[in-house]
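Following: one structure in structure tokens, then a few remarks.
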């Protein structure tokens, strides 16, 4: 019976469970995202979020406290140098669990646990970087039609047949220039 069990023991003895959670926390800090079962992810979240909160204050005491959990100097440096500045303004909820389906072998429910601030798809920074797009060909079309209209106005002013023939040639040349501008 499970009387008085406050957390999931994950079917392991305490030393095995602590070592497993320490290794999973190190992998999460190093890779920013890992795949595991939902139950292990929930246990890992309870284990790693207090460590992330401690990493906000970069002192010798907090480094030693985190090292006592992780037992890896390189991971502790990664946590305090790269992860802590990104989560500095977040009050909590540093991890996200995304369910991915069921494992084929034993039908265990699988998920992906990740650090929230390191996922570029879900952050709002990408939405702010939208750029305005304009088409370059639009301005050239209006210039070409203006030149054709100007040529027509000059033809109306000159009434001689020779001038009309030359203006028709200039219209054709202006239309050809407009087509060439559109192609570029």
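Worth pointing out:
- Listed by first and then second residue, the pairs with beta-carbon distance under 9 Å, at least 6 apart or on different chains, first residue in the range 60-87 and assigned by TED's automatic domain parsing to the domain that holds residue 28 and at positive phi, second in a helix (DSSP H, G or I) and at pLDDT 95 or above, are 71/19; 71/22; 71/26.
- Matching residues, the range 1-38, being under 21 Å from residue 99 (Cβ atoms) and free of Cβ contacts under 8 Å to residues at least 40 places away in the same chain: 7, 8, 10, 11, 20, 21, 24, 27, 31
- Where helices (runs of 4 or more DSSP H) fall wholly inside the range 17-102, the ranges with 2 or more residues that are within 26 Å of the chain's Cα centre (by Cα) are 38-54, 73-78.
- Hits in the range 1-28 - residues which are within 20 Å of residue 71 (Cα to Cα) and either exposed (fewer than 11 other Cβ atoms within 10 Å of the Cβ) or touching a strand residue (DSSP E or B) at 6+ places or on another chain (Cβ under 8 Å) (or both): 13, 14, 15, 24, 27, 28
The values are calculated or read from the model by the stated rules, or taken from the named source; none is laboratory data. What you see is a predicted model, and the numbers here were worked out from it, not measured in a lab. All Cβ positions, glycine included, derive from the backbone under ideal geometry; neighbour counts span all protein chains shown.
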